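To start, the structure under review is shown below, and the notes come after it.
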Amino acid sequence: MSQREYIHDLIGVGFGPSNLALAVRFAENDGAPGAHCFIERQPEFGWHRGMLLDDSRMQISFLKDLVTMRDPKSRFTFINYLFERGRLQDFVNLKSFYPTRIEFHDYLRWVASAFDDQVHYGESVTQIEPVTDESDPRTVTHLRVHSRDAQGKERHRLTRALSVGMGGVPQIPAAFAALRNAAVIHSSNYLTTIGNLMGDGMGGTARRRVAVVGGGQSAAEVFIDLTRRFPHVDATLVMRAPALKPADDSPFVNEIFNPSFTDLIYSQPKDARRSLLDTFRDTNYSVVDRPLIEQIYELLYVQNVSGTARHRLLNNCAIESVREVQGEQGNEIDMRLRDGMGGDARAERFDAVVLATGYRRDAHHALLDPLADALGKPVEQCEVARDYMLATPAHFQPRIYLQGCCEDSHGLSDTLLSILARRADEIAGSLEAGNNENSFEVQTRTGAQTGVSGGRVAFAL
Ligand SMILES: Cc1cc2nc3c(=O)[nH]c(=O)nc-3n(C[C@H](O)[C@H](O)[C@H](O)COP(=O)(O)OP(=O)(O)OC[C@H]3O[C@@H](n4cnc5c(N)ncnc54)[C@H](O)[C@@H]3O)c2cc1C
């Protein structure tokens, strides 16, 4: 029995800023793929909602929005967003390049709303499988994208190209990996869980000891937020480094986030790339905006003046082990710490822990694992070309673009917003060039009808 199966020109995995920038680029230029869609796990658009703290600011100029660096005349610029929201004049009066994250989130959501008909919200992509040519089983012609919604309903869709923009996965330190305790959360879930944990709205005023683990921007933001949001919380910042260090955002250093730097780093041998990444690491990792460091210092100082030192910073602290214990008020988390300088051990007890320990960028490995045989090696061993396309053997026809997981080859801007507009342009350009080369229809082996707007149909035998 022959069945018709819809073939997309491109499917995007995830609909964060990376694939959103791509959607904008497709919408604004001729030659974009006719049939494309995006699959997003969240029920609606959201940009790091768990960390949308009241006064947290962007760490990048608003001019590095989704489109300005590619086309400042686009209707999707941050400036046009301000104009349409009626806030352009007032924003100018702020004299700032750095909007709050809440406002930038609203901007991103405003852009995303223009693409609602292209996004399947509330579905998690679970696996990508190769689809081979009926007459030549060695040739991979398409990819089958499997997804599951919140009710457990499975779907699959066929595509000629994939744009993976899945973002990061919370990095959990080894000492916490085995702990199954609801009072240990990652910073990515901070705002969505901390209220309940601290007994918000339940009249909870009993003292709660909360540890924040980490020495970067998120750790510092969570620490200061805890001290302001909850009068009954004693917050402790536990960090391995000897001091909170400022992020280097000075102008010459900032040039590493220019798109031209991507060319430079990509053209280097592996060792030189690694050395460049190490040299500029303190632009993004384990560093904090200077004003926030000053706020924390002042907070601790003022406590000392008043003699009520409730909040603490424990530096040079390696966490050796963590276990759950029964305390006077219920379950507690017992942490064994070792001083990295003196070597002394100490034990600390907390009611809750926030792990501000960053993100891994390898979620795509598991997703693309079923392609390993067809690729001849695991995905993590495949090179990524300058145009962000996974290098594949000749018999593997689908194109796979990777966004946000190519820091090793494309530099520190890869996980950030800085190059989004230009990267979207490079990927779309590469896709257009590829489509012109391979504009033919291929038969697929099996399949079922999948719903999507636009697109071509192939007959499966
Ligand atoms: C708190 C915070 C603040 C930041 N602030 C800045 C800043 O000021 N400036 C800057 O340049 N960078 C900042 N960053 C870096 C950040 O990585 C980028 O801002 C941006 O989010 C990258 O976009 P993305 O689309 O690649 O990833 P993400 O924004 O993480 O989006 C990935 C999307 O994919 C979805 N997804 C993941 N897996 C699946 C799946 N299996 N199926 C379907 N959907 C899936 C996720 O739900 C998510 O919506 C910040 C990061 C954090 C955590």
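Nothing in this text is a laboratory measurement; each read-out follows from the coordinates by a stated rule. From a predicted model like this one, the values you see are computed outputs, not experimental measurements. Here the Cβ is made from the backbone with ideal geometry for all residues, glycine too, and neighbour counts use every protein chain on show.
Computed over the alpha-carbon pairs of region 86-172, the distance histogram in 5 Å steps reads 3, 10, 12, 15, 14, 12, 10, 8, 6, 5, 2, 1, 1, 0 percent, short to long.
Distance from the C-alpha centroid of region 78-154 to that of region 46-65: 16 Å, rounded to the whole angstrom.
Specify whether the C-alpha gyration tensor of region 35-112 places it in the rounded, prolate or oblate class, a ≥ b ≥ c being the square roots of the eigenvalues: rounded for a/c under 1.5, otherwise prolate if a/b is larger than b/c and oblate if not.
Working: a/c = 1.96, a/b = 1.23, b/c = 1.59.
Here region 35-112 falls in the oblate category.
Across the options ILE79, VAL354, GLN151, the greatest Cα extent toward the positive end of the charge dipole of the chain (unit charges at beta carbon of Lys, Arg, Asp, Glu) belongs to VAL354.
Is the shape of region 239-340 rounded, prolate or oblate, going by the alpha carbon gyration tensor and its root eigenvalues a ≥ b ≥ c, with a/c under 1.5 for rounded and a/b larger than b/c for prolate?
Working: a/c = 3.57, a/b = 1.79, b/c = 1.99.
It comes out oblate by the Cα gyration axes.
Each other residue within a Cβ distance under 15 Å of GLU44 adds +1 if Lys or Arg and -1 if Asp or Glu, for a net charge of -3. Run the quick spin-label model on GLN42 and ILE102: label points 7 Å from Cα toward the beta carbon, then report their separation in nm to one decimal. Placing both labels 7 Å beyond Cα along the Cβ direction yields 1.6 nm.
Listed by chain and number, the aspartates and glutamates whose C-alpha is less than 13 Å from the C-alpha of LYS377, apart from same-chain residues fewer than 8 away, are ASP369. Got a sec? Charge dipole of the chain, +1 on Cβ for Lys and Arg, -1 for Asp and Glu; which of ALA421, MET51, THR236 is way out at the positive end? Value computed over the given set: THR236. Over all Cα atoms in the chain, the spread is summed up by Rg and Dmax: 24.2, 82 Å. Backbone geometry of region 73-83 corresponds, through the Karplus equation with coefficients 6.51, -1.76 and 1.60 at θ = phi - 60°, to 3J(HN,Hα) couplings of 8, 4, 6, 9, 6, 4, 5, 5, 4, 4, 4 Hz, x marking Gly and Pro.
If we count every other residue with Cβ under 12 angstrom of LEU375's Cβ, Lys/Arg +1 and Asp/Glu -1, where does the sum land? Kindly include the intermediate steps, with their values, before the conclusion.
Values: positive: LYS377; negative: ASP369, ASP373, GLU380, GLU383.
Net charge in that neighbourhood comes out at -3.
Summed over qualifying helices (DSSP H, 4 residues or more, each -39500 (n - 2.57)) and divided by its residue number, the chain shows a 222 nm mean residue ellipticity of -8500 deg cm²/dmol. Which angle between 0 and 90 degrees, to the nearest 10, do you get for helix 217-229 versus the longest principal axis of the chain when only C-alpha atoms count? For 217-229 against the chain, the angle is about 50 degrees. Near VAL184, the amide H atoms lying under 5 Å from its own belong to VAL353; only residues 5 or more places off or on other chains count, and H is placed 1.01 Å from N.
Were the residues from ASP55 through GLN268 laid out at 0.36 nm apart, the gain over their Cα-Cα distance would be 72.7 nm. Is the C-alpha gyration tensor of region 171-228 telling us rounded, prolate or oblate? Criteria: a/c under 1.5 is rounded; beyond that, a/b larger than b/c is prolate, otherwise oblate. Cα axes put region 171-228 in the oblate bin.
Between GLN89 and ASP278, the modelled label-to-label distance comes to 5.5 nm, taking each label 7 Å out from Cα in the direction of the beta carbon. The phi torsions of region 66-72, fed into the Karplus equation with coefficients 6.51, -1.76 and 1.60 and a -60° offset, translate into couplings of 6, 8, 3, 5, 9, 8, x Hz, rounded to whole numbers, with Gly and Pro shown as x.
Residues whose amide H falls under 5 Å from that of SER321, counting only those 5 or more places apart or on a different chain, are ARG336, with hydrogens built in the peptide plane.
Each residue of region 379-393 was assigned a 3J(HN,Hα) from its phi angle through the Karplus curve 6.51 cos²θ - 1.76 cosθ + 1.60 (θ = phi - 60°); the sequence is 4, 5, 9, 7, 6, 10, 6, 4, 7, 6, 8, 5, 6, 10, x Hz, with glycine and proline shown as x. Of the trypsin sites (Lys or Arg not before Pro) found in region 86-157, those that fall in a DSSP loop while having at most 12 other beta-carbon atoms within 10 Å are LYS95, LYS153. Scanning residues 5 or more positions from VAL238 or on other chains, those with amide H under 5 Å from its amide H are VAL212, VAL213, GLY214, LEU314, with H placed 1.01 Å from N in the peptide plane.
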